[in-house]
Structures are given as structure tokens and as C-alpha cells.
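In what follows, a single structure is set out as C-alpha cells and then discussed.
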Amino acid sequence: MFDLSGHAALVTGAGQNAGAGIARALAARGAAVAVNDLVAERAEAVAKEITAVGGTALAVPFDVTDRDAVREAVARARDGLGRSVDIMVHNAGIAADFGQGHFRTLEPSRWRAPIEINLFGAMNCVSAVVDDMCETGWGRIVQISSGAARTGSDQGLSLYGAGKSGVEGFMRHLSQELAPSGVTVNTLALGLQTNAAGAATEVFAQKIPTRRLGRPEDVGAAVVYLASPEASWLTGQILNLNGGSVTS
Ligand SMILES: NC(=O)c1ccc[n+]([C@@H]2O[C@H](COP(=O)([O-])OP(=O)(O)OC[C@H]3O[C@@H](n4cnc5c(N)ncnc54)[C@H](O)[C@@H]3O)[C@@H](O)[C@H]2O)c1
């Protein structure tokens, strides 16, 4: 079950935290993994870690908001891994100039980054891999989102929420277009992760029914299922992975 050997995955923003957990988990199930990050050293370190334990991985540093760079890297991944990408996980979602703060305090110059990385980043990555997936009749597209797409808060997340809500809408419609071609499209909406909470980690953890924050391995395990052959009848869904903090 959940055997991914013979498949090639691209994971964006996989140089640390959730993305690294996804890359490791897919590789552990046998997928050859193209490890992307904007920061080349991070991608290289994760790829090296995977190959050191017997997995297959290739670092492909690029900026998901640069369409040409994405296309070029996907071709490089195909050559390097020996097969075309048929599992694409768009995890990169937090830009360096993130624009967090209450909307009234944010200069218009900061509105763009969260939309670019989440929405245009997803479009760039999908467009670079989707034709090959449809031609072979098998593909898995997984988008990493957040509870902030559907739940309002006063934590300065309005632009982030806009980017994540936008990409969730994109995925919803994409799932309907691609289902007849054997390509599933699902979204994993994360609750707060261990790397996000800073000094207030314990306070946040106690508000979650499971009394802990999310870990990279939690995210990796859920993505393995969504990427697996066994999940062929699951598409167009948003799966909440949040320790029970929001139920629906
Ligand atoms: N951390 C949380 O609590 C949390 C909660 C809900 C959802 N999420 C979502 O989970 C995903 C991963 O979050 P994280 O906290 O692990 O992120 P992170 O910031 O720890 O890591 C993201 C990685 O993406 C890379 N990156 C940034 N911009 C990029 C770009 N333009 N192109 C390629 N790579 C780029 C960064 O260099 C970094 O290594 C994101 O989509 C985030 O929105 C996170």
C-alpha cells in the first residue's frame, strides 16, 4: 500500500519544515523527488539527506513565481530523475516579504507577494507538469493551504488568506477539469505547525484538541496518501490537517 516507486515528485519550498517533511516521506515510499526551494543550499541539503538514506532526490532550486524558471527546472528534473513529474506538491507559500499585518497598515507594495507565491506559483507549477500527467493518464496535484483560507482572524493574515483562498478555488475547478484524465487534485489545509508559533508555542498548542502543533512528518504522511495510487477516487477535496482545531 502507498507504494510510490516508479513515480517522480516535485515538492516546492521543500528546503525546510513542512516541505522537507513531504519530500522525505514521498522518497521513503519510493518516489524519486525533485526538491525545490528558493534557497539553493536548503534544497541541496534535503536532497542530500534523502540520498544518504538510499532514496532518489535531486535539488532543483527556483522561484515558483518565475514561470520560465519553473518550466526549465521541471525539464531538468525529468532528465535528472529519468521520468516526468507525475506528483506535484505546491508547498511554497510564505514569501520572504510576506506582508503580514493588519490590512490598514500594509503598503500596496506588499499586497502582491502572498498572492504571487500562493496563486501564480501554483499556476506556474501546475502548467509545467499537467500536460505530461494528462498524456500518461496518471497524476497527483497536491496544494498545501491553511485554515486561514476559510477562517478569519485578526492575526494580520488578510493577504495570506486571500492567496490561500484563491488557490483553493483554483484547485477546486482544476479537479473537475482533470479528473477524466486520471489526474487528482486535492488540497491539504494545515493548522499551526511547530515552526510557526515562536515563543507562544505552548499557548497555541493548548488550544488545539490534540494538544500539540503539526509536525513535518504529519504533513508528509498525509501527502503520501493523497499522492498514492490508492487515493485515485479522492479528488477536488480540502482535507483539514489541524489536530482537530477546526472541524467541518
Ligand atoms: N507553518 C505553519 O504554521 C503553517 C500553517 C498553515 C499552513 N502553512 C503552509 O504550509 C506551507 C509550508 O509552510 P512552512 O511553515 O513549512 O514554510 P517555511 O517558510 O518554513 O518554508 C517554506 C520554504 O519555501 C521557500 N520559498 C519561499 N519562497 C519561495 C519561492 N518563491 N519559490 C520557491 N521556494 C520558496 C523558503 O525558502 C522556505 O525554505 C506553506 O504553504 C504555508 O502557507 C504553514
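The values are calculated or read from the model by the stated rules, or taken from the named source; none is laboratory data. Bear in mind that the values here come from a model prediction, so they are computed numbers and not experimental data. Virtual Cβ from ideal backbone geometry, glycine too; neighbours counted across all protein chains shown.
Here are the numbers for the structure shown:
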| read-out | value |
| --- | --- |
| Within segment 131-155, considering residues that are farther than 20 Å from residue 234 by Cβ and either among the aliphatic types (A, V, I, L, M) or surrounded by fewer than 16 Cβ atoms within 10 Å (Cβ to Cβ) (or both), the one nearest to the ligand (Cβ to nearest atom) | 148 |
| Of all residues in segment 130-152 being outside any helix (DSSP H, G or I) and of a type in the set (D, E, K, R), the one that is modelled with the lowest pLDDT | 150 |
| Residue in segment 122-130 that is over 15 Å from residue 90 (Cα atoms) and touching a Gly at 6+ places or on another chain (Cβ under 9 Å) present | no |
| Pair list, Cβ under 6 Å, 6 or more apart: segment 144-166 residue under 18 Å from residue 241 (Cβ atoms), other residue part of a loop (DSSP other than H, G, I, E, B) and more than 12 Å from the ligand (Cβ to nearest atom) | none |
| Residue 227, sole failed condition from (1) exposed (fewer than 15 other Cβ atoms within 10 Å of the Cβ); (2) modelled with pLDDT of 95 or more; (3) of a type outside the set (Val, Ile, Thr) | (1) |
| Checking residue 218 against (1) within 11 Å of the ligand (Cβ to nearest atom); (2) surrounded by 16 or more Cβ atoms within 10 Å (Cβ to Cβ); (3) at pLDDT 95 or above, the condition it does not meet | (1) |
| Some residue of segment 160-170 being under 17 Å from residue 238 (Cα atoms), away from the ligand (no atom under 12 Å from the Cβ) and exposed (fewer than 14 other Cβ atoms within 10 Å of the Cβ) | yes |
| Test for residue 96: is it under 18 Å from the mean Cα position of the chain (by Cα) and either surrounded by fewer than 19 Cβ atoms within 10 Å (Cβ to Cβ) or away from the ligand (no atom under 13 Å from the Cβ) (or both) | yes |
| Boolean, residue 47 is buried (at least 24 other Cβ atoms within 10 Å of the Cβ), free of Cβ contacts under 8 Å to residues at least 40 places away in the same chain and not aromatic (Phe, Trp, Tyr) | yes |
| In segment 171-192, residue nearest to the ligand (Cβ to nearest atom) [restricted to those that are surrounded by fewer than 19 Cβ atoms within 10 Å (Cβ to Cβ) and in contact (Cβ under 8 Å) with a residue 24 or more places away in the chain] | 172 |
| All positions within segment 191-215 that are in contact with a helix residue (DSSP H, G or I) (Cβ under 9 Å, 6 or more places away or on another chain), modelled with pLDDT of 90 or more and of a type outside the set (D, E, K, R) | 191, 192, 193, 194, 195, 213, 214 |
| Count of segment 87-129 residues which are assigned to a loop (DSSP other than H, G, I, E, B) and among the polar types (S, T, N, Q) | 2 |
